[in-house]
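Single-structure report; data block below.
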Amino acid sequence: MAIDTETSSRQRVILDIAGMSCASCAGRIEEALRSVPGVSSANVNFALEKAAVEFDPAAIQIADLVKAVEETGYQVRTRTRKVGIGGMTCASCAAHVERALAELPQVQKVSVNLATERATIEYVGELAFSEIKRVVEDAGYRAYDVEEQGTVDREKAAREAEIRSMWRRFLAGAIFSFPLAVFMFAELFPALWGILPDILRNPWLQLVLATPVQFGVGLHFYIDAYHALKARAANMSVLVALGTSAAYFYSLAVTVWGERFGAHHVYFETAAIIITLVILGKYLEAKAKGRTSEAIRKLMGLQAKTARVIRDGREVEIPVDEVEVGDILVVRPGEKIPVDGVVTEGTSAVDESMVTGESLPVDKKPGDLVIGATINGYGTFRFQATRVGKDTALAQIIRIVEEAQGRKAPIQRYADRVSAVFVPIVVAVATLTFVAWYLLIDRGDFVRALLNMIAVLVIACPCALGLATPTSIMVGTGKGAERGILIKSGEALETAHRLKAVVLDKTGTITRGKPSLTDVVPLSTWAKDLLEEQVRQEFLCLAAAVEKGSEHPLGQAIVAGAVEMGLTLPGVEEFEAVPGQGVRGRVAGHEVLVGNRRLLQEWGLLLPGAEDREGARAATEIETIATRLENAGKTAMLVAIDGRLAGVIAVADTVKPESAEAVRRLEQLGITVYMITGDNRRTAAAVAREVGIKPEHVLAEVLPQDKAARVRELQKQGLVVGMVGDGINDAPALATADVGFAIGTGTDVAIESADVTLVGGSLMGVVDSIRLSRATMRNIYQNLFWALIYNTLGIPVAAAGFLAPVVAGAAMAFSSVSVVTNASRLRRFRFEG
């Protein structure tokens, strides 16, 4: 649940809705919210029980949205938080603080107690303590958090209370209905009357047992049906109330005026058992729905509660809400990292699997990024907070997943259209069933016509249809988030399963995105008096030392490679960078040149005189080595020492270890893999060859601004295209593709141009995203199939008189449970990456 300011004139709020019983309820709330002036969009997710509303805060307040929901007969769940207030001296102070806090858009009600110096705030959405503290301090008072565990999450408590209430209602219904069920079985099997008391036949006793069930346990159905009909709509409660009321009031009339009716048999057991079974179904459905949202609850539970901050030279433990950007924090072995930041002191290894999906611990040293909610390993370190509160990677992940679960997939629109007209059609079919049986099929048999009508009313289940899509999307997006795959909408999840082509950007996607040292090849004619390994080390040491003065990425890669090998680099004198060619300098008494062919040609080293046979052999050898390395997609830099050709050093943007496997898996899924790059064709072909991409699928020498056009060309061929890039240079192409996959890097999760963000940065995430999409869509199709088949077959069977109302009620009660349970199977989905 969150409140975001998207522009200066628009806000977005997610409200928790209580009291919905089927998809028709969600549609009615949507319609009510959209009718409020100032609301630009409203989407209600029945499975999540959330309403996402965009509105103009200049025109309306959140309180107006809450009122609109409540006027339709539903409730908006609120949270409560207690805050300590310091500095108050009289009742006027308390009133002042109340008015200040009431100005916050999320706040629905606030009460400040002067005696206890506490403020009790009731609000919707998110309300951070730092926001409360700012408002109170601006009013001239002090605020402090009196809740050790932070915000009391009333949403979870409310859901658990609702489940407990359903269980109590079911138990009450079961206790009163049990004797009625015994009577029903005795009527079916008369031999049982020999061991049962005759009083069970007494209609007055049955009336006494059925009435508490009908108007106590079943009161909710009447209230909900009233609100639905008042809004000129219909839902499941209308069907249950109509069907059970028909059985109850017919039986009541027979009990009171039986002789006038000429009838003696009553059907109190039908009404009571149907209500009890429906309540049981709703209880099981609520439990199952709770399991479908398990992933998002896990994410929320990852957040650290406290942080150890350096204040005035001392370590102070404070609530994580009070950490500010720029604070220096201390993390000890085994502790959670409270917020995002940059390591300033110390080293360790951090388990980031809960955010990125990467199973191996990641080494951290000064300058490295750390992610809030990840777990420190063996070392103690300090880091500077860079993102806190709702800006942390974890908070953004939760927001992205919640928004994805709140947005409807295109396939859900079909289910919504059917649900909108479903209940009125069922009522019409039930009425026709009664008329047909009473006037045509079994003339004059009122009881049989009534029972068949009741069976039609209670077997129909709009809930199963309404839950089919959102529950699967909820589980699918949550499952992806557990693995660092952030799917931003149901539409992206749906489209990904239809992908026929995937375009991979080379730099940073297939490759690591930064050059590294790959080859050190001294010539055989240089330093003959040294052993081979000594030659390599001496050669690299001199070349890296002169590059130490360079700011070029290729030069920095050589220096980094030498340092990783444990070499100590001497100082450089007379350093000179030659633009477009390379560098020169004096190192330990040696004149060293490192650069391209043009640099060495200007020094006359690649075109030796005819009398210099050794120089000619060296020039031929160095050209052969350089060409071989360049054909392998590497950048070759030639080295000369003391006026003699000495060898070649190669640098390359190396391929990620999982890239070749990812390409192979994508092709196994029936997807054509393309590579797009601005590099020359020789380098591009070498990388494509290494990862297994066919030469005809290599798009080389493509400028960043032209990548989107290449994606459109593939789409014109009838392909559904996915684009994988870094979300920065590739933003237009990501937006143009049918599904844009952005390779993230830990804290960078909110890449706006992408439909899917892969937090861990691995290409296997693309494979897993597509597999997850296909599994989710299979699950949705299964749900829709069973929901449609159930209603398509169940209603005619009931109308034909082949189903007793009690059996029909039981079938209806468990149909939605089966849909939610099937969606929960997605939690067992296994990732390959």
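The values are calculated or read from the model by the stated rules, or taken from the named source; none is laboratory data. Not measured: the values here are computed from a predicted model. Using ideal geometry, Cβ is built from the backbone for each residue, glycine included, and neighbour counts are taken over all protein chains shown. In case anyone asks, the SASA skips ligands and DNA or RNA and just uses the protein heavy atoms, side chains included. Shrake-Rupley method; radii C 1.70, N 1.55, O 1.52, S 1.80 Å.
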Counting only residues that are modelled with pLDDT of 90 or more and not in a loop (DSSP other than H, G, I, E, B), which one in region 321-335 is nearest to Lys479 (Cα to Cα)? Val331
Apart from one, (1) open to solvent by 10 Å² or more (accessible area, probe 1.4 Å); (2) closer than 19 Å to Lys133 by Cβ; (3) touching a Pro at 6+ places or on another chain (Cβ under 9 Å); (4) modelled with pLDDT of 90 or more all hold for Val342; the odd one out is (2)
Could you tell me which numbered condition Ala26 fails, if it satisfies all but one of (1) outside any loop (DSSP other than H, G, I, E, B); (2) over 24 Å from the mean Cα position of the chain (by Cα); (3) at pLDDT below 90? (2)
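For region 662-690, enumerate the residues that are of a type in the set (S, T, N, Q), surrounded by fewer than 15 Cβ atoms within 10 Å (Cβ to Cβ) and either in contact (Cβ under 8 Å) with a residue 24 or more places away in the chain or part of a helix (DSSP H, G or I) (or both). Spell out how you get there, then give the answer.
Taking region 662-690 and keeping what is of a type in the set (S, T, N, Q), we get 668, 672, 677, 680, 683.
Now drop any that are not surrounded by fewer than 15 Cβ atoms within 10 Å (Cβ to Cβ), which leaves 668, 680.
Of everything in region 662-690, just one residue is of a type in the set (S, T, N, Q), surrounded by fewer than 15 Cβ atoms within 10 Å (Cβ to Cβ) and either in contact (Cβ under 8 Å) with a residue 24 or more places away in the chain or part of a helix (DSSP H, G or I) (or both), namely Gln668.
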Can you name every residue in region 59-86 that is acidic (Asp, Glu) and either closer than 26 Å to Glu322 by Cα or open to solvent by less than 60 Å² (accessible area, probe 1.4 Å) (or both)? none
Tell me yes or no: at least one residue of region 508-531 is polar (S, T, N, Q), within 24 Å of Val691 (Cα to Cα) and surrounded by fewer than 18 Cβ atoms within 10 Å (Cβ to Cβ). yes
Quick one: in region 691-706, which of the residues that are charged (D, E, K, R) and over 22 Å from Ala731 (Cβ atoms) is surrounded by the most Cβ atoms within 10 Å (Cβ to Cβ)? Lys694
Those residues of region 585-605 which are open to solvent by less than 80 Å² (accessible area, probe 1.4 Å), outside any loop (DSSP other than H, G, I, E, B) and either in contact (Cβ under 8 Å) with a residue 60 or more places away in the chain or within 16 Å of Met637 (Cβ to Cβ) (or both) amount to Gly585, Val587, Val592, Leu593, Val594, Gly595, Arg597, Leu599, Leu600
In region 568-584, residues that are open to solvent by 50 Å² or more (accessible area, probe 1.4 Å), in a strand (DSSP E or B) and either within 17 Å of Ile649 (Cβ to Cβ) or small (Gly, Ala, Ser) (or both) total 1
Heads up, the strands (runs of 3 or more DSSP E) in region 475-557 (entirely inside) with at least 3 residues that are over 17 Å from Leu763 (Cα atoms) and in contact with a strand residue (DSSP E or B) (Cβ under 6 Å, 6 or more places away or on another chain) are 516-522
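From the list Ile411, Ile473, which one is of a type in the set (A, V, I, L, M, F, W, C), open to solvent by 10 Å² or more (accessible area, probe 1.4 Å), under 30 Å from Leu394 (Cα atoms) and at pLDDT below 85? If you could, list the steps in order and put the result at the bottom.
Details: Ile473 fails: open to solvent by 10 Å² or more (accessible area, probe 1.4 Å).
Criteria check complete, one pass: Ile411.
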Selected residue [under 30 Å from Thr509 (Cα atoms), in a strand (DSSP E or B) and open to solvent by less than 30 Å² (accessible area, probe 1.4 Å)] from Ala640, Ala650: Ala650
Of those in region 754-809 that are open to solvent by 10 Å² or more (accessible area, probe 1.4 Å) and charged (D, E, K, R), the residue nearest to the chain's Cα centre (by Cα) is Asp755
Out of all the residues in region 257-270, which are among the hydrophobic types (A, V, I, L, M, F, W, C) and at pLDDT below 85? Trp257, Phe261, Ala263, Val266
Looking only at region 181-200, which residues are more than 47 Å from the chain's Cα centre (by Cα) and in contact (Cβ under 8 Å) with a residue 12 or more places away in the chain? Val182, Phe183, Met184, Ala186, Leu196, Leu200
Please verify whether Ala59 is aliphatic (A, V, I, L, M), free of Cβ contacts under 8 Å to residues at least 40 places away in the same chain and part of a loop (DSSP other than H, G, I, E, B), treating the condition exactly as stated. yes
